[in-house]
Structure formats: C-alpha cells, structure tokens
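A.B. asks: Provided herewith is a single structure, encoded as structure tokens, for subsequent inquiry.
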Amino acid sequence: GEDVEQSLFLSVREGDSSVINCTYTDSSSTYLYWYKQEPGAGLQLLTYIFSNMDMKQDQRLTVLLNKKDKHLSLRIADTQTGDSAIYFCAEITFSGSARQLTFGSGTQLTVLP
Amino acid sequence: EPEVTQTPSHQVTQMGQEVILRCVPISNHLYFYWYRQILGQKVEFLVSFYNNEISEKSEIFDDQFSVERPDGSNFTLKIRSTKLEDSAMYFCASKRTELSSYNEQFFGPGTRLTVL
C-alpha cells in the first residue's frame, strides 16, 4: 500500500533553520501537505504543494518537492519555541473512488532556547 | 473562523461497551472523515462519508464501527463493542467539496478514547 515516511525527532536551537524530511510512495499524488499538531490540539494545515511545483515559499516556511525521488521537505526559517510540535507530512491517495489522506508518522520538533 | 468540533475530548470506557464519538463539521462542508492515531503511531484513515453514505473505508473500519449523520450538523462514529486496541485519538475532518482548490481537510481537536 501507499506509505509516507518521516524521521521521528528533530532538535534545533531557537533562531536556527529546521528541515523536516519526508518520503512518499504514491507517484500519482496531486497534493502534498504539511500538518502541525501541538500538544492536545488537532491537526492544523500549515502548507501544501501541488505536485507540478518544485518549491513553495510561505513566509518562514519553504516546501521543496523532488518528484523523481518522491521526497518532500519543510524548512522553517528562524525557528521559534512556538514552532515546537509534531509535523506530519501527508499525501492524497486514491482508494477506490475516494481520496484519502495518508500520513507519515510525524516528526517531533523540539526548539531549544 | 469556522472550525470542526468534537465531543467529548476524552472518553474512558470498559472493554465491550459501546461508545459514540461526536463531531460537528464545518457547516457548508459536504465530505466527512474519521481518522485515528494510536499513541506513538501514524494517523490512519478510517472512513469517508458523502451524501449520507460511506464513500470509502479502510481495513480498520470493520463491522464494529459505524458512522452516521443523524441530523444536519452532527457526524458520529460508533464503536459497538470496544476492545483494548481501540484506545486511540480519533480525529474527525471535513472538506467543502471534492473540487476544493487544494483539497484541504479541516480537522477537529480529537477525542481521546481510553478502553480499560
């Protein structure tokens, strides 16, 4: 079946850049997403990229997509303590007639002061 | 800003009991979903629902599970006879249309189900 993989943990110093990586398997994905989950909260869509794009920048967030290698990354510039959370990569996959989100296992980002 | 809400935030039940998890999707949304996340594991798709019927369901969504939209606002997930392994965080999500520009699903805060 379709699978999305991420490293589990990342620690950075406040002010540094964070790069969270993800690999996926479904080459037919049209959209790929980054969700953020803060403790006790739901999943918040951070950003997304359409599969015909290589890069998307949104303020401190930069998404890079390498379709050939099926690799997606999220770079957070000037990481703040408020960025500490779990970050999930997700892709849209088709199952039967419906689209569903397939999530990675999440990367726990810890920002150290 | 409209949001998906879920109740209760935490449900504790005895093994074998029935539970109903409730969700109120965003009001003009047409597609509804349930996902679950077992502690320390991935968020997994359970079921999608559109036009008052199930569109798709995963292998996890067996006969013990059912979904319903009993009125114009609520979307429920029922587990008939809970098992220990049903302990997880259950997320509801909704989406406006299949043609949404980037297919965003809006997630609720989740219900943590603990089966004892």
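A.B. asks: Does the range B:39-82 hold any residues that are farther than 17 Å from B:Val4 by Cβ, among the small types (Gly, Ala, Ser) and either open to solvent by 60 Å² or more (accessible area, probe 1.4 Å) or assigned to a strand (DSSP E or B) (or both), and which are they?
C.D. replies: Of everything in the range B:39-82, those that are farther than 17 Å from B:Val4 by Cβ, among the small types (Gly, Ala, Ser) and either open to solvent by 60 Å² or more (accessible area, probe 1.4 Å) or assigned to a strand (DSSP E or B) (or both) turn out to be B:Gly40, B:Ser55, B:Ser66.
A.B. asks: Any idea which of A:Gly82, A:Gly40 is free of Cβ contacts under 8 Å to residues at least 40 places away in the same chain, of a type in the set (Gly, Ala, Ser) and within 12 Å of another protein chain (Cβ to nearest Cβ)?
C.D. replies: Going through A:Gly82, A:Gly40 in turn, the sole match is A:Gly40.
A.B. asks: Does the range A:48-79 hold any residues that are without any contact (Cβ under 8 Å) to a residue 12 or more places away in the chain and surrounded by fewer than 17 Cβ atoms within 10 Å (Cβ to Cβ), and which are they?
C.D. replies: A:Asn52, A:Met55, A:Lys56, A:Gln57, A:Asp58, A:Gln59, A:Lys68
A.B. asks: In this structure, does A:Leu45 turn out to be touching an Asp or Glu at 6+ places or on another chain (Cβ under 9 Å), assigned to a strand (DSSP E or B) and crowded, with 21+ Cβ neighbours inside 10 Å?
C.D. replies: no
A.B. asks: Please determine whether any residue of the range A:18-37 is more than 13 Å from the chain's Cα centre (by Cα) and hydrophobic (A, V, I, L, M, F, W, C).
C.D. replies: Within the range A:18-37, not a single residue is more than 13 Å from the chain's Cα centre (by Cα) and hydrophobic (A, V, I, L, M, F, W, C).
A.B. asks: What are the residues in the range B:83-111 that are in contact with a strand residue (DSSP E or B) (Cβ under 6 Å, 6 or more places away or on another chain), part of a loop (DSSP other than H, G, I, E, B) and within 18 Å of B:Gln41 (Cβ to Cβ), if any?
C.D. replies: Of everything in the range B:83-111, those that are in contact with a strand residue (DSSP E or B) (Cβ under 6 Å, 6 or more places away or on another chain), part of a loop (DSSP other than H, G, I, E, B) and within 18 Å of B:Gln41 (Cβ to Cβ) turn out to be B:Ser87, B:Gly110.
A.B. asks: Taking the stated definitions as given, is A:Gly104 within 14 Å of chain B (Cβ to nearest Cβ) and open to solvent by 50 Å² or more (accessible area, probe 1.4 Å)?
C.D. replies: no
The values are calculated or read from the model by the stated rules, or taken from the named source; none is laboratory data. These figures come from a predicted structure and were not determined experimentally. Because the Cβ atoms are built from the backbone with ideal geometry, glycine has one as well, and the counts that use them run over all protein chains shown. The protein model used for the area step is the full one, side chains on, heavy atoms only, and it has no ligands, DNA or RNA in it. Shrake-Rupley method; radii C 1.70, N 1.55, O 1.52, S 1.80 Å.
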